[in-house]
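*Asks:* Mind looking over this structure? Questions follow.
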Amino acid sequence: MPHIEFDMSILDPALLQELDEFIEVQEFPQESIIAILHKAQELFLWLPRELQLHIARKTDLPAARIHGIVSFYSFFLEEPNGKYTVSVCMGTACFVKGAQPILDEFRKQLGMGPKDKITKDGVFSLNDVRCIGACGLAPVVRVNEKIYGHFKVEQVKEVIQHYRELEEQAQ
Amino acid sequence: MIVLNTYEDLRKAYEELSPLLNKRREGHAGIPTPHKRELLVCGGTGCHSSESLELMQALQAAVDEQSIDAKVVQVGCFGFCAQGPIVQVMPDNVFYVQVKMTDIPDIIETHLKGGEPIERLLFVDPASGEVQHDHASMAFYEKQERISLRNCGLIDPESFEECLAAGGYLALAQALETTTPDQVVQVIKDSGLRGRGGGGFPTGLKWDLCRRSPGTEKYVICNADEGDPGAFMDRSILEGDPHSIVEAMIIAGYAIGANDGLIYIRAEYPLAVNRLRIAIREAEEAQLLGDNILGSGFNFHLRIVLGAGAFVCGEETALIRSCEGHRGEPTRKPPFPAQSGFRGKPTNVNNVETLVNIPIILTKGADWYSSIGTESSKGTKVFALAGTINNIGLVEVPMGTTLREIIYDIGGGIPNNKAFKAVQTGGPSGGVITEADLDTPIDYESLKKIGSMMGSGGMIVMDEDNDMVDIARFYLEFTTAESCGKCTPCRVGTTRIHEMLETLLAQEGDEMLLTKLHNLCLTVEDTALCALGQTAPNPVLSTMKYFPEEYLRYARREVKKSYWIDPEVCIGCTKCKRVCPVECITGSVKKAHVIDENACIACGACAAACPVQAIHKPK
Amino acid sequence: MDLKNLIRVTINDIPVLVPEGSTILDAAKRAEVYIPTLCHLKLDDFAIENKPSSCRVCMVEVEGRPRLCTACSETATDGMVVSTNSQRALRARRTNVELLLSNHPQLCLTCAKNMDCELQKLAHDIGCREITYSGKRSHHPDDETSYSVISHPDKCIMCRRCETMCNEVQTVGVLSALDRGFSTVVRTAFHLDMTETSCTKCGQCVAVCPTGALTETNCTHRVWRALQDPSKHVVVQVAPAVRVALGEMFGMAAGTISTGKICTALRKLGFDGIFDTDWAADLTIMEEASEIVHRLSTPGSTLPILTSCCPAWVYFVESQFPDMLDIPSTCKSPQIMFGTMAKTYYAEQKGLDPKDIVVVSIMPCLAKKSEARRPELMNDGMKDVDIVVTTREFGHMLIEIGLDLNQMTDSNFDSIMGESTGASIIFGTTGGVIEAALRTASEWITGEPLKSVELTSLRGFDGIREGTVTIGDRDLHVGIAHGLGNARRLLEGIRDGEFHYDAIEIMACPGGCIGGGGQPYHHGDMEILLKRQQAIYREDRGKMIRKSHENPMIKKIYDEYLGEPYGPKAHELLHTTYTPKPRI
């Protein structure tokens, strides 16, 4: 007996309406499912399972089939990316120069649990990456495209602060 | 808005608009264009990311502000991507490279007002040290023959007028007006054109098979899902000359008997998608797409289907599955798409570079086209030249050009006086070619014979420092990540190959492992379901063939893992010591330094920091 | 055979003639050459085929072809010369099997499919003595939440048969391949537990799984515990399709009827009452035929009426057609009716506290396990049926204690819930329930005996069939579907007004209960299913009484306990309700 409750109210109704209108004008919605998923991701930035389920019901396709497609194509995001993606290099060089404490500090300062990949406000994503080939600058932290070399634990606070300010300005 | 209802409308438009490009046609002395000069700025993705868009806007603003009689035009990719952003001044025929925002005042004052070219912005030939004004005389362009890229860097891809001025849709008009579909197929057959995306199947034959398939509902699909790491010619064509693809699709539809076309394009190419959208809309408004095209009675509709990030969708059966709204898993052949493809109907799939040749073949004739190239492979091929080579970029050469010409003449050779080691063609499906085969005239057969393949035309040059086992691992990492997971040899087999390479690289393998690896590669090649899996072991097989000693050294665990310092060369500057992340370098000032080989993690930071190149990579 | 359409194929130097369109595998069968296969599954009469050409085990060498071909899917051509055992083909086959094994837990000893696994057999057949390759292995969590189906995805070899069954055949769409490359796994949407999806528990995924990746929940230990508990009175019921299939597990030919031997075996196991679900099926017919008569004779009643004995079908209609819940008959299924009667009437007769009675069912079905847990079917928190084991589990119980079915003498079910008619036995095959119901309904409406008991117009194996049965001056239009995909087409046709029927029978499994998810594995052999069906009809013909309403023990129970068929007491005990369920 299904007992998982899918809380469809997390989906913004205005965006949903736009998505539904897009689906309705498709001549063959099932065939155009990838285009629909593109549209959904454009609107919602990622594809939470509630959204996938919504699309499944709208297009009369099984949810498993939708999830099969979403998980097949790397363009579709099953988890949101933050506006700023902080990547801590975990290559050997960086690791031996103390990358782990840096990662831990980011996690702490951003208020993220050990398995969280994104902050609750969706501003930051945090991940560890394989060697990004800047060993001479170890340890290295990358925020979106910007690279910070010789990174120190004490810098974590100011880096976060910098992007928080950028975010405030943007708003 | 231009509307072209008849062949006459189109020809008239061509005659009226053609002078638009006069400034850019070298040696043309015809009717003057409205502006004295034109500044062509590259608007490809490569140059866009080095801020060519901002540059173009600033140039335009400066020109406007100073009321200079010049027009700034955004054109498609020039191909010389490593030197971007590129600005070409016409009709002066001056080719500026690596232009920055700060160069704008100088361009305005010195060149546009003063009439003097700016020497420091010109390209300096790395081999001869000569400064070069005119791109035609540059070694990079001299040996090229731009047929597929004919309009890239010439026209504004977002201007329908310029497309028509360049002769756009004249081939379509000619086909509809004067030839039957069978005749079109025959011309393509006679031209000897072969598929540019992979195996090189004769395009005319492919069309013919689809044309002869029973049924009235047929489809043509343009495969614009270019996914080879390092190959971007399709993107450049779509960005620089989208109308040629639209035109080719309509011609293909006419020849095959299809009234619907799809362009399956990577979502990772937003600029190309956007320009294609514009081109399709313009063609629709001009009634070149839709019903009764140019009054011929032929109907054709074209739409874009976005891919979503799966390399395997470059395989045509997977691409069709994806178009139908499924996971992009390949299906077995037969049935071939020509028999049963999109929606189970006969379908013809051609890639972008193949299609872009269609209009020009019809205009110039099969004889002209088949006069270019080798016995078995006609025309030209675009290669994306990359790796350790001086002139990185997109080059188009006639089939039959040797690799030596491409690498040394066009590519300008290997930088930093390093020795050439190998060139990988065909991306993750291809193999390496060594010095011994550099004089092989390139065509589909010759590349296959030496253990590589044409593929989509990626060409990665490697020098003496590149570790071939590691290169093989790199490609296998890519294919395992892109395997669809359907068939056993690809899903599990390529993973095991990748793991074996990792074991070897970690110096935890033995010679038995080499035999096992080789056997597994042969079986995966022999039994995988689709081309991705069948060709996945190629990088391993070919590096094993040409560099067996590198594999043996790993198998015997003889590879030195650490960097080492040549005491004869070291000047004791201590720079290496300071950058070493694991602090494994010892030595005092002005004395030769030493690396602790047990502690070294081979990150290479020291070698990069060394001012006298005393530090060497592990070998 | 039409000689014109024959082509000549040579398999390992053996020339054979095969019809055009045959695969290399078909031709090899004709030449009596064995080619191992794994992902391929073909049930001709049901138009079911899984042919992804993905396992790459059946690779053969074809003269003139640069690459090896898959025998299961490559169409043979005239003059084709095939070698199935060249060194190259053998190496390819062995390597691909070893690759599969290198990503397999190899827990054969404790696997539910031990000795009944197609991968294990293949490894044995190709003489696999070591696995050349090793490396990382897939790790996906097991799902043991369902009362019916257990999933151990690490044992999956990606043949995708389950996906084909769930999507193309059953159109339930609960399973799909997720992710890609080495991480690809066949699972539910969002990796939900099976119970959280609209899985109908039909068990067809289990029926076709070549390995132990999908199996049924094992309830045998609960049966043993009940049998060993002296305070419990343990009764057992045996479904009709069990008796025509169980023998296969003991080396008997497919289609062997082993009813009498089953009764003896059950006695040896120590059950206190050995009964027949067929008896309850007769009871079901009494109620269902009454409902048909009632709906036909009451103006404004909902028609068509749908049979409701198949629990997977009930789950299907609840989640896929929640707007059509007024058309299934409200009758409980025979299994549940049996349980209800055991815990009421039988308890009274025997002077037992219903709480001390344990009702065990032996079913060809996995959905029956979940049906027994439906909250609607509980009385004061007490289940009507306590433990459900499949035909396979029952067979394994016998093997466990060393009972060879072949050695059993014949005996009979106990009275009074053991007597049954031919009408109830045909419940086990597609078309049987509605035929049984109409045998009774017809006589009730016309008041005259049927000229021919066998309503052959309703029989066959076509996925969707229709027949007309004349009852008096009325032609009754009957629709029959087996396989949920066919059920879907039928229901959509009804909803769209394309089809008009008075009565419909639907069975979730292809073939009906004889092809149930709990039956001995057929491993893709269609012949086995055909023989089980023939056995069902043979058993019907062998019965003295072939109409449910003529069953004296059924008459007796209405007289003594239930009152009128379709009356108030019958309603209270023998009817149920349906609830719409979300579709995931």
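The values are calculated or read from the model by the stated rules, or taken from the named source; none is laboratory data. Bear in mind that the values here come from a model prediction, so they are computed numbers and not experimental data. Glycine also receives a Cβ, built like all others from the backbone with ideal geometry; neighbour counts cover every protein chain displayed. Each accessible area value is taken on the protein alone, full model and side chains, heavy atoms only, with ligands, DNA and RNA left out. Shrake-Rupley method; radii C 1.70, N 1.55, O 1.52, S 1.80 Å.
*Asks:* Within region C:448-508, which GluC sites (Glu not before Pro) sit in a loop by DSSP and count at most 11 neighbouring Cβ atoms inside 10 Å?
*Replies:* In loop regions of region C:448-508 (DSSP not H, G, I, E or B), the sparsely surrounded GluC sites (Glu not before Pro) are C:Glu498.
*Asks:* A follow-up question, please. Can you tell me the dipole magnitude for region B:560-619 around its Cα centre, using point charges on the Cβ only (Lys, Arg +1; Asp, Glu -1), in Debye to the nearest 20? Can you show the working numbers first?
*Replies:* Values: 9 positive and 5 negative charges, 20 e Å.
Computed about the Cα centre, the dipole is about 100 debye.
*Asks:* Assign unit charges at the C-beta atoms only (+1 for Lys and Arg, -1 for Asp and Glu), then state the dipole size of chain A relative to its Cα centre in Debye, rounded to the nearest 20.
*Replies:* Dipole size: approximately 960 debye.
*Asks:* Give me the accessible area of C:Arg160, 1.4 Å probe, in Å² rounded to the nearest 10.
*Replies:* Estimated to the nearest 10 Å², C:Arg160 gives 30 Å².
*Asks:* Picking from C:Gln349, C:Gly270, B:Tyr444, whose Cα lies most toward the positive end of the charge dipole for the protein assembly as shown (charges on Cβ: Lys, Arg +1; Asp, Glu -1)?
*Replies:* Of C:Gln349, C:Gly270, B:Tyr444, it is C:Gly270.
*Asks:* So, one more: Placing +1 on the Cβ of each Lys and Arg and -1 on the Cβ of each Asp and Glu in the protein assembly as shown, which of B:Met101, B:Thr523, C:Leu484 has its Cα farthest towards the positive end of the resulting dipole?
*Replies:* Of the candidates, B:Thr523 comes out farthest on the positive side.
*Asks:* Per residue of B:518-531, what is the mean number of Cβ atoms on other protein chains within 10 angstrom of that residue's Cβ?
*Replies:* So the per-residue partner count for this stretch is 5.
*Asks:* Now a separate question. Using a 1.4 Å probe on protein heavy atoms only, how many Å² of accessible area do A and C hide from each other, summed over both chains and rounded to 100?
*Replies:* On the way: alone 10690 and 23540 Å², together 32380 Å².
Roughly 1800 Å².
*Asks:* Treating only the Cβ of Lys, Arg, Asp and Glu as charged (+1, +1, -1, -1), what charge dipole size does region B:515-594 show about its Cα centre? Round to the nearest 20 debye. Write out the running numbers ahead of the final one.
*Replies:* Numbers: 12 positive and 8 negative charges, 112 e Å.
About 540 debye.
*Asks:* In region B:574-619, which residues become less accessible by 10 Å² or more once every protein chain is in place, relative to the chain on its own, using a 1.4 Å probe?
*Replies:* Buried by 10 Å² or more upon assembly, which counts only protein chains, are B:Val579, B:Pro581, B:Val582, B:Glu583, B:Ile601, B:Cys603, B:Ala605.
*Asks:* Under a cut-off of 17 Å between alpha-carbon atoms, report the lysines in cross-link reach of B:Lys364, not counting same-chain residues fewer than 8 places apart.
*Replies:* Once the sequence-local lysines are set aside, what remains near B:Lys364 is B:Lys189, B:Lys378.
*Asks:* Hey, could you grab the Kirkwood Rh for region B:35-142? Inverse mean 1/r over distinct alpha carbon pairs, Å, one decimal.
*Replies:* Radius from the Kirkwood sum: 13.8 Å.
*Asks:* Ranked highest first by the average count of other Cβ atoms within 10 Å around their residues, in what order do B:464-472, B:109-117 fall?
*Replies:* Going by the mean number of other Cβ atoms within 10 Å, highest first, we get B:464-472, B:109-117.
*Asks:* What is the calculated FRET efficiency for B:Ser562 to C:Ile399, with r their C-beta to C-beta distance and R₀ = 56 Å, to the nearest 0.05?
*Replies:* 0.35
*Asks:* Moving on. State the volume of the convex hull built on the alpha-carbon positions of chain A, expressed per residue in Å³ and rounded to an integer.
*Replies:* Values: hull volume 25.8 nm³, N = 171.
It is 151 Å³ per residue.
*Asks:* Follow-up question, since we're still on this one. Taking amide H positions as placed in the peptide plane 1.01 Å from N, state which residues far from A:Tyr84 in sequence (5 or more) or on other chains have amide H under 5 Å from it.
*Replies:* For A:Tyr84, the qualifying residues are A:Phe124, A:Ser125.
*Asks:* Still on this structure, I have one more. Given region C:232-574, report the % of alpha carbon pairs whose separation exceeds 29 Å.
*Replies:* When every Cα pair of region C:232-574 is considered, 33 percent fall beyond 29 Å.
*Asks:* I need the phi-derived Karplus couplings for region C:155-167: 6.51 cos²θ - 1.76 cosθ + 1.60, θ = phi - 60°, integer Hz, Gly and Pro marked x.
*Replies:* Per residue, the Karplus-derived 3J(HN,Hα) values read 8, 6, 10, 6, 6, 6, 4, 4, 5, 4, 5, 5, 9 Hz.
*Asks:* Among DSSP bridges having both ends in region C:3-99, what percentage is antiparallel? Round to the nearest 5.
*Replies:* 80
*Asks:* Then there is this: So with the 1.4 Å probe, I'd like the accessible area per residue for the protein assembly as shown, rounded to whole Å².
*Replies:* Heavy-atom accessible area per residue stands at 38 Å².
*Asks:* Per DSSP H run of at least 4 residues, take -39500 (n - 2.57); add these up for chain B, divide by its residues and hand me the 222 nm value, nearest 500 deg cm²/dmol. Can you show the working numbers first?
*Replies:* Values: 23 runs with 217 residues, N = 619.
Value at 222 nm, helices only, nearest 500: -10000 deg cm²/dmol.
*Asks:* Based on the alpha-carbon gyration tensor of region C:439-584 and its eigenvalue square roots a ≥ b ≥ c, which shape applies: rounded if a/c is under 1.5, prolate if not and a/b is larger than b/c, or oblate?
*Replies:* Cα axes put region C:439-584 in the rounded bin.
*Asks:* Relative to the longest principal Cα axis of chain C, at what angle does helix C:259-269 sit, 0 to 90 degrees, rounded to 10?
*Replies:* Compared with the principal axis, the helix lies near 90 degrees.
*Asks:* If you count the DSSP beta bridges with both ends in chain C, what percent of them are antiparallel, to the nearest 5?
*Replies:* Expressed as a percentage, antiparallel bridges in chain C total about 55.
*Asks:* In 10 Å bins starting at zero, report the fraction of Cα pairs in region B:451-516 per bin as a rounded %.
*Replies:* In whole percents, the pair-distance histogram is 18, 42, 35, 5.
*Asks:* Further question on the same structure: Provide the buried accessible surface between chains B and C in square angstrom, both chains summed, 1.4 Å probe, rounded to the nearest 100.
*Replies:* The summed interface area works out to 2800 Å².
*Asks:* Report, for region B:38-129, the % of DSSP beta bridges that are antiparallel, rounded to 5.
*Replies:* Antiparallel bridges make up about 60 percent of those DSSP assigns within region B:38-129.
*Asks:* Which value, in square angstrom to the nearest 100, describes the accessible area buried between chains A and B on both sides, using a 1.4 angstrom probe?
*Replies:* 1900
*Asks:* Among the residues of region C:153-195, which ones have their accessible area go down by 50 Å² or more when all the protein chains sit together, as opposed to their chain alone (1.4 Å probe)?
*Replies:* Residues losing area: C:Arg160, C:Asp179, C:Arg180, C:Gly181, C:Phe182, C:Phe190.
*Asks:* Residues of region B:304-348 that become at least 50 Å² less accessible with every protein chain present than in their own chain isolated, using 1.4 Å: which are they?
*Replies:* B:Ala308, B:Gly325, B:Arg327, B:Arg332, B:Arg343
*Asks:* Of all the accessible heavy-atom surface of region C:125-200, with the other protein chains kept in place and a 1.4 Å probe, what percent is carbon and sulfur?
*Replies:* Result for region C:125-200: 45 percent of the exposed heavy-atom area is carbon or sulfur.
*Asks:* Quick one: which residues, 5+ away or cross-chain, put their amide H under 5 Å from the amide H of C:Leu178? H built at 1.01 Å from N.
*Replies:* Close amide H contacts, sequence-distant or interchain: C:Val185, C:Val186, C:Arg187.
*Asks:* Still on this model: Hey, got a sec? Which chymotrypsin sites (Phe, Trp or Tyr not before Pro) in region A:101-153 land in a DSSP loop and have at most 13 other Cβ atoms within 10 Å?
*Replies:* none
*Asks:* Calculate for chain C the 222 nm mean residue ellipticity that helices alone would give, adding -39,500 (n - 2.57) per DSSP H run of length 4 or more and normalising by residue count, nearest 500 deg cm²/dmol.
*Replies:* Rounded to the nearest 500, the figure is -8500 deg cm²/dmol.
*Asks:* Go through region B:584-598 residue by residue and turn each phi into a ³J(HN,Hα) via Karplus (6.51, -1.76, 1.60, θ = phi - 60°); whole Hz please, and just put x for glycine and proline.
*Replies:* Per-residue couplings from phi come out as 10, 9, 10, x, 10, 4, 6, 10, 4, 8, 10, 9, 6, 5, 7 Hz.
*Asks:* Quick one: which residues, 5+ away or cross-chain, put their amide H under 5 Å from the amide H of B:Arg303? H built at 1.01 Å from N.
*Replies:* Hits under the 5 Å cutoff: B:Gly261, B:Leu262, B:Ile263.
*Asks:* With a cut-off of at most 14 other beta carbons within 10 Å, and DSSP calling the residue loop, which chymotrypsin sites (Phe, Trp or Tyr not before Pro) in region B:139-197 qualify? Please list them.
*Replies:* Details: sites: B:Phe140, B:Tyr141, B:Phe160, B:Tyr169; in loops: B:Tyr169.
Loop-located and lightly packed - none at all.
*Asks:* What's the ranking of B:13-21, B:190-198 by average number of surrounding C-beta atoms within 10 Å, highest first? Don't skip to the answer; put the middle values down first.
*Replies:* Working: B:13-21: 17.6, B:190-198: 23.7.
Top to bottom by mean Cβ count within 10 Å: B:190-198, B:13-21.
*Asks:* With a 1.4 Å probe and every protein chain kept in, tell me what percent of the accessible surface of region B:35-142 is carbon plus sulfur.
*Replies:* On region B:35-142, the fraction of accessible area on carbon and sulfur atoms equals 50 percent.
*Asks:* Set the Förster distance to 35 Å, then compute FRET efficiency between C:Thr298 and A:Gln17 from the Cβ-Cβ distance, nearest 0.05.
*Replies:* Efficiency computed from Cβ-Cβ geometry: 0.20.
*Asks:* Okay, moving on. Going by the alpha-carbon gyration tensor, a ≥ b ≥ c the square roots of its eigenvalues, is chain B rounded (a/c under 1.5) or, if a/c is not under 1.5, prolate (a/b greater than b/c) versus oblate?
*Replies:* Since a/c reaches 1.5 but b/c is at least a/b, the shape of chain B is classed as oblate.
*Asks:* Going down the table (A:Lys58/C:Lys581; B:Lys206/B:Lys421; B:Lys486/C:Lys136; A:Lys83/A:Lys108; A:Lys58/B:Lys218), which pairs top 26 Å between alpha carbons?
*Replies:* In this structure, B:Lys206/B:Lys421; A:Lys58/B:Lys218 lie more than 26 Å apart at Cα.
*Asks:* Moving on to the next point. Just checking chain A: which Cys have no other cysteine's beta-carbon under 4.7 Å?
*Replies:* Within chain A, the cysteines lacking a partner Cβ under 4.7 Å are A:Cys131.
*Asks:* Could you give each residue of region C:537-547 its phi-based ³J(HN,Hα) in whole Hz, using Karplus coefficients 6.51, -1.76, 1.60 with θ = phi - 60°, and x for Gly or Pro?
*Replies:* Working through the residues one at a time gives 5, 5, 4, 4, 4, x, 8, 5, 9, 10, 10 Hz.
*Asks:* Pop out the carbon and sulfur fraction of the accessible area of region B:543-593 as a percent, whole number, probe 1.4 Å. Walk me through the numbers on the way to the answer.
*Replies:* Numbers: 1620 of 3040 Å².
The C+S portion of the solvent-accessible surface of region B:543-593 is 53 percent.
*Asks:* How would region C:374-442 be classified by its alpha-carbon gyration tensor: rounded, prolate or oblate, with rounded meaning a/c under 1.5 and the a/b versus b/c comparison settling the rest? It would help to have the intermediate numbers written out before the result.
*Replies:* On the way: a/c = 2.02, a/b = 1.22, b/c = 1.66.
Oblate, because a/c is 1.5 or more while a/b does not exceed b/c.
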